[in-house]
Amino acid sequence: MILGVTPARGGSKGIREKNIRVIAGRPLIAFAIEVGLATRLIDRYIVSTDSKKIARIAVSLGATVPFERPAIIATDSAPMLPVLKHAVVEIERQTGDVVEAVVLLDPTAPLRTVEDVESAIKLFQQGGCDAVISVNKSAKNPYFNMVEIRNGYCNLVKPIDPPVTRRQDAPEVFEMNTVVSIFSKKVVMNAKQRIPKKTRYLMIPRERSIDIDTPYDLQRLDFLLSDASRLQQ
């Protein structure tokens, strides 16, 4: 079974009730649920939450919320793999089916498409990897114009010799985004990090890679979606 999971905890320090904030007339989580339910290559899709309010909204949107996430893995500091591990254990216990892989659809990437998710699953199913993550081309480059502060002074993150003097000559780097990630059951149950050694990548255009992390991101998304809706009328 390929299990699709949208994690949506109730607490959010950066943006209050971020996962259910209304954007262009819809709660943010609705965008993830719509894609999760429409992706034919996902055998079972669920929402994992510790919030009864989020659970009610998710169910009203057609999603299944088969358990309440324990508080210990619903904190700001809780890593994602234990959340997915809990989902795998609960679904296998409840259904008797064996989970082979987990597709992570975070609510904070509302511009993903069904095609994005299915492309990632197909890439995973080709074999030879333990995970697939989505990325986009980075606007900044650690070999050229990204610095870190050491002892009060700026230092290039990844200096090389000879130094890079033009951005075009720097090694190409990519940003991870939250559009889609896929992990084998082995990784979910045993790995300590979200990027195992055998991880493939799926390139996503920057215009679909928006990640909701700040109030400004919410405002920008609301503007983009509202403007697109007006253009379609």
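The values are calculated or read from the model by the stated rules, or taken from the named source; none is laboratory data. Since this is a predicted model, take the numbers as computed values, not measurements. For neighbour counting, all protein chains shown are included, and Cβ atoms are generated from backbone atoms with ideal geometry for every residue, glycine included.
Reported count of residues in region 185-210, each being in contact with a Pro (Cβ under 8 Å, 6 or more places away or on another chain), closer than 15 Å to Ala120 by Cβ, among the hydrophobic types (A, V, I, L, M, F, W, C) and not in a helix (DSSP H, G or I), is 0.
For Ser60, the stated conditions hold: it is more than 16 Å from the chain's Cα centre (by Cα), modelled with pLDDT of 95 or more and in the same structural domain as Ala120 (by TED's automatic domain parsing).
None of Gly36, Gly4, Gly96 is small (Gly, Ala, Ser) and surrounded by fewer than 19 Cβ atoms within 10 Å (Cβ to Cβ) except Gly96. Of the residues Ser60, Ser51, Ser77, the single one that is over 29 Å from Lys122 (Cα atoms), buried (at least 19 other Cβ atoms within 10 Å of the Cβ) and not hydrophobic (A, V, I, L, M, F, W, C) is Ser51. Does Val102 count as in contact (Cβ under 8 Å) with a residue 12 or more places away in the chain and either buried (at least 20 other Cβ atoms within 10 Å of the Cβ) or closer than 22 Å to Pro215 by Cα (or both)? Criteria met by Val102.
Results for (1) more than 19 Å from the chain's Cα centre (by Cα); (2) closer than 28 Å to Glu115 by Cα; (3) not acidic (Asp, Glu), shown as yes or no for each residue.
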| site | (1), (2), (3) |
| --- | --- |
| Glu148 | yes, no, no |
| Val179 | no, yes, yes |
| Arg194 | no, yes, yes |
| Ile210 | no, yes, yes |
| Asp217 | no, yes, no |
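Taken as a whole, the condition of being surrounded by fewer than 15 Cβ atoms within 10 Å (Cβ to Cβ) and either within 19 Å of the chain's Cα centre (by Cα) or assigned to a helix (DSSP H, G or I) (or both) does not apply to Lys140. A residue that is β-branched (Val, Ile, Thr) and modelled with pLDDT of 95 or more cannot be found anywhere in region 9-20. The requirement of being aliphatic (A, V, I, L, M) and outside any loop (DSSP other than H, G, I, E, B) is satisfied by Ile182.
Rundown of residues vs (1) within 16 Å of Ser48 (Cβ to Cβ); (2) at pLDDT 95 or above, yes/no style:
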position	(1), (2)
Arg69	yes, yes
Ile73	yes, no
Val88	yes, yes
Ile91	yes, yes
Gly96	no, yes
Thr108	yes, no
Ser119	no, yes
Asp130	no, yes
Ala139	no, no
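Only residues that are part of a loop (DSSP other than H, G, I, E, B) and either within 15 Å of the chain's Cα centre (by Cα) or of a type in the set (Phe, Trp, Tyr) (or both): list them for region 111-131, please. Across region 111-131, the qualifying residues are Leu111, Arg112, Thr113.
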